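Here's the structure, in structure tokens; my notes come after.
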Amino acid sequence: MSDQILWFAARGAGIVSLLMLTASASFGLVTVTRFQSAGWPRLFNYEMHRRISLLSVLFLTTHVLAAILDPYLKLGLAAALVPFASSWKPVPVALGVISLYLVVALIASSLLRRRLSQRVWRLVHWSSYLMWPLAFAHTVTSGTDALAPWMLVVEAVCLAIVSGAATWRWVDRGATMVLGPRALAR
Ligand code: HEM
């Protein structure tokens, strides 16, 4: 019974994590465009980006802990910390581990933003262009449900949303990486 709960927790929290990282990355990309309207201020994009990123930590932690404790997978702590150390699907799990390290770096650098130079913070934030594709590749290659029809729909929708937001960001040539609510108010 508890084995089943861990398995469902790993899968469920993994899928919610993908949805949250998709939303967080997309709101981040839209924040740097100059888009705003009366009903959709730039500050809304920024706040959504920040809050969803912070909330995703909860689901990522649940996902990784459940995967480590799942007696069927026998993943172990080392597999979750060291890329390619997993004996179960080493490359797919490594993609998840590396993307998780990038999530931690992104969130930590944003929490410590006042203590970092703008250049360092910006450099770390550029790694989000690697973080999301790695998390996506991890999902597609390691999940029990990855190739189930309903999961293919979820994956296609996530890919479409992030690709759309990324295209929007690159088409808007005036886009700049903003540093916070004060920069947005200007
Ligand atoms: C230390 C980092 C990570 C480890 C060790 C890990 C481990 C695993 C394992 C073992 C599975 C297969 C579970 C199963 O199907 O039974 C899995 C699937 C999955 N992981 Fe991760 N993961 C990590 C990071 C991430 C990250 C950062 C995301 C963010 C999107 C993520 C999202 C998913 C998703 C969506 C699935 C598919 C669930 C399913 O289809 O059943 N994982 N992960």
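Quick one: Cα convex hull volume of segment 34-178, Å³ per residue?
134
Calculate the dipole size of the chain relative to its Cα centre from +1 charges on Lys and Arg beta carbons and -1 charges on Asp and Glu beta carbons; express the result in debye to the nearest 20. Before the final figure, lay out each step's value.
Details: 16 positive and 6 negative charges, 219 e Å.
The dipole of the chain has a size of about 1060 debye.
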- Along principal axes, Cα extents of segment 86-125, largest first, whole Å: 40, 15, 8
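Could you give the length gained on full extension between residue 65 and residue 37, defined as 0.36 nm per residue of separation minus the Cα-Cα distance, in nm? Walk me through the numbers on the way to the answer.
Numbers: separation 28, 0.36 × 28 = 10.08 nm, distance 4.14 nm.
This chain segment gains 5.9 nm when fully extended.
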- Query: Percentage of Cα-Cα pair distances in segment 4-59 greater than 13 Å, rounded to whole percent?
  - Reply: 61
- Label points 7 Å out from Cα along the Cβ direction at residue 115 and residue 166: separation in nm? 3.2
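Values quoted throughout were computed directly from the atomic coordinates according to the rules given, and no laboratory measurement underlies them. Since we're looking at a predicted model, the values are computed, not measured. Note that each Cβ is placed from the backbone with ideal geometry, even for glycine, and that neighbours are counted across all protein chains shown.
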